[in-house]
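Bear in mind that the values in this text are calculations on the coordinates, not laboratory data. Because the structure is predicted, anything quoted here is derived from the model rather than measured. Here Cβ is always computed from backbone atoms with ideal geometry, including for glycine, and neighbour counts include all displayed protein chains.
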């Protein structure tokens, strides 16, 4: 109930601040576990994704955000679960796998953090590793536009990426990185 209320409030607020446009929403799988892989430029990216995606999103948020009990409780009610960055957090991986196994959609930023210079940023292998292990597709998406008052922001959803030929395999670090680089190229190819 709180989630729907928060979504409604965000939609009203964002309507007066941004000109948010969504392209390719029909590409999003209607059900089943799925990873939404999105470029990451600002703190509002999670909000933009939540506003345009027809499915409820679960998302990893850096563990530091949960230190404040009030704020941590708020983002948890909106679908967040903690991840300890740069540590290979097994708890976050298990939590994501559980959510994907339950047919939920998990939002991930393959670059791992906000990126301003895409040329030097590489994708981390986590999204592809989870997709292969959970046997779910990756839904690529890209947020285009400059963030500012009444500026146009476009979120473009591409066709899902399936890794069915790798299900059940234990991929090497090199294979995971190669597939992650290809996925990131697909995401960046959606830029408007």
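From the largest down, the range 98-182 spans 47, 30, 21 angstrom on the principal axes of its Cα atoms. Distance between the pseudo-spin-label points of residue 175 and residue 12 (7 Å out from Cα toward the beta carbon): 5.2 nm. DSSP beta bridges confined to the range 2-188 are antiparallel in about 20 percent of cases. Ordering 25, 124 from the fewest to the most neighbouring beta carbons within 10 Å gives 25, 124. Here the extension length gained between residue 5 and residue 77 equals 24.8 nm, from 0.36 nm per residue of separation less the Cα-Cα distance. A Förster radius of 30 Å combined with the Cβ-Cβ distance from residue 42 to residue 64 puts the calculated FRET efficiency at roughly 0.95. Extending 7 Å from the Cα toward the beta-carbon at both residue 119 and residue 56 defines two label points whose distance is 4.3 nm. Across the chain, Cα pairs under 8 Å and at least six residues apart give a relative contact order of 31 percent. Direction-averaged projected area, Cα convex hull, the chain: 10.8 nm², rounded to one decimal.
Helix 173-188 and the longest principal axis of the C-alpha atoms of the chain enclose an angle of approximately 30°. Comparing Cα centroids, the range 166-192 and the range 49-80 end up 25 angstrom apart.
When shorter helices are ignored and each DSSP H run of at least 4 residues is given -39500 (n - 2.57), the per-residue value for the chain at 222 nm works out to -11000 deg cm²/dmol. Based on the alpha carbons, how large is the Rg to Rh ratio for the range 147-192 when Rh follows Kirkwood? So for the range 147-192, dividing Rg by the Kirkwood Rh gives 1.17.
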